[in-house]
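Remarks on the structure that follows.
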Amino acid sequence: MKKFVLVVLLLALALGTAAPTLAGDVPEKLVLGMVPSREADRMIVSLDGLADMMAAEIGIPVEAFVATNFNGLVEAMGTNRVDIGIFGPSGLVMAEDRHNVQIILSSVRRGATSYKAQFNVRADSDIETVEDLRGRTLAFVDPASASGFHYPYVFLLEHGIDPEEDLIYMFAGAHDAGAISVIHGDVDVSVSFDDVRTNLVAEFPDVMDTLRVLTYTEAIPNDGVAVRAGLDQDLVTKIQQAFIDISDT
């Protein structure tokens, strides 16, 4: 798992005041969930390790849950099947809007609080400009993904291409799955976070030469962590601190 640093986003801390202590649920077991950005069984192994570290920090067993899509994780938090969710920016907004989750952390990677989405094409493709995408096949990631759908979709509209009219598109389900579809020639272009190719080097050693980045979207806020509504506030503070402590290791 790549090292990442987490910074607190709680409004109370931003204002320099202590969050109120509220009585709430203290379950016998916590469930930590996320949606894989790459092939699912590798993500399950990775998330299990984080769950074990969280359990050691908090003192409560933590079980890993890998959702099949972003909406599934949002709804799992809304029905109390998942207590802690790691989301992309769109998922955080959706979960807060639908189920009043509490956003407690945001990630900072390599000193940056944002990233971009990229359009991936084969290096030998005749696609050289955004206009060349017209009439092509494209793999988005998930309808609730910021870098895998929302930002690229709007980017295309801003460049005069209506995905509904000018493209044939599908959803790959994961960022690396879309990129692999381009490598195999199943689609002409895919979208992903930057740079998805680094996740594929082990499987495709020549991926940097095989897959070319056509262009990038504007900056997207980083992912973050939320807890479901109703958790005990002292427990929420422990969860928050556990992520921060783990990020230092």
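The values are calculated or read from the model by the stated rules, or taken from the named source; none is laboratory data. Model, not experiment: these values are computed from the prediction. Reconstructed Cβ throughout: ideal geometry from the backbone, glycine too, with neighbour counts over all protein chains shown. Just so you know, the surface numbers come from the protein's heavy atoms only, side chains and all, with ligands and any DNA or RNA stripped out. Shrake-Rupley method; radii C 1.70, N 1.55, O 1.52, S 1.80 Å.
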- Task: State all residues of the stretch 208-237 that are in contact (Cβ under 8 Å) with a residue 60 or more places away in the chain, surrounded by fewer than 20 Cβ atoms within 10 Å (Cβ to Cβ) and in a helix (DSSP H, G or I); if no residue qualifies, say none.
- Result: D209, T210, Q233, D234, L235, T237
- How many of the residues in the stretch 20-51 are under 22 Å from S147 (Cα atoms), among the small types (G, A, S) and either open to solvent by 30 Å² or more (accessible area, probe 1.4 Å) or at pLDDT 90 or above (or both)? 3
- Residues of the stretch 191-229 classified as touching a Ser or Thr at 6+ places or on another chain (Cβ under 9 Å), of a type in the set (G, A, S) and modelled with pLDDT of 95 or more, total: 1
- the stretch 131-155 residues that are touching a residue at least 24 places away in the same chain (Cβ under 8 Å) and open to solvent by less than 10 Å² (accessible area, probe 1.4 Å), paired with ones that are acidic (D, E) and part of a helix (DSSP H, G or I) (beta carbon under 8 Å, 6 or more apart): L133/D166
- Taking the stretch 165-196 on its own, how many of its residues are over 22 Å from the mean Cα position of the chain (by Cα) and open to solvent by 30 Å² or more (accessible area, probe 1.4 Å)? 7
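For the stretch 124-162, what are the residues that are assigned to a helix (DSSP H, G or I) and in contact with a strand residue (DSSP E or B) (Cβ under 7 Å, 6 or more places away or on another chain)? I'd like the intermediate steps shown before the answer.
Filtering the stretch 124-162 for residues assigned to a helix (DSSP H, G or I) gives 130-133, 146-158.
Scanning the stretch 124-162 gives V130, L133, A146, S147, G148, F149, Y151, P152.
In the list G78, G85, which residue meets the criterion of being closer than 21 Å to S145 by Cα, out of contact with any strand residue (DSSP E or B) (no Cβ under 8 Å at 6 or more places or on another chain), modelled with pLDDT of 90 or more and open to solvent by less than 40 Å² (accessible area, probe 1.4 Å)? Full working, then the answer.
Values: G85 fails: out of contact with any strand residue (DSSP E or B) (no Cβ under 8 Å at 6 or more places or on another chain).
Answer to the check: G78.
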- Task: Can you give me the number of residues within the stretch 209-249 that are under 20 Å from R98 (Cα atoms) and among the β-branched types (V, I, T)?
- Result: 3
- Taking the stretch 96-115 and keeping only residues that are under 13 Å from the mean Cα position of the chain (by Cα) and buried (at least 16 other Cβ atoms within 10 Å of the Cβ), one is left with S106, S107, Y115
- Note on the structure: Of the residues in the stretch 106-138 that are among the aliphatic types (A, V, I, L, M) and out of contact with any Asp or Glu (no Cβ under 8 Å at 6 or more places or on another chain), the one that is modelled with the highest pLDDT is V130
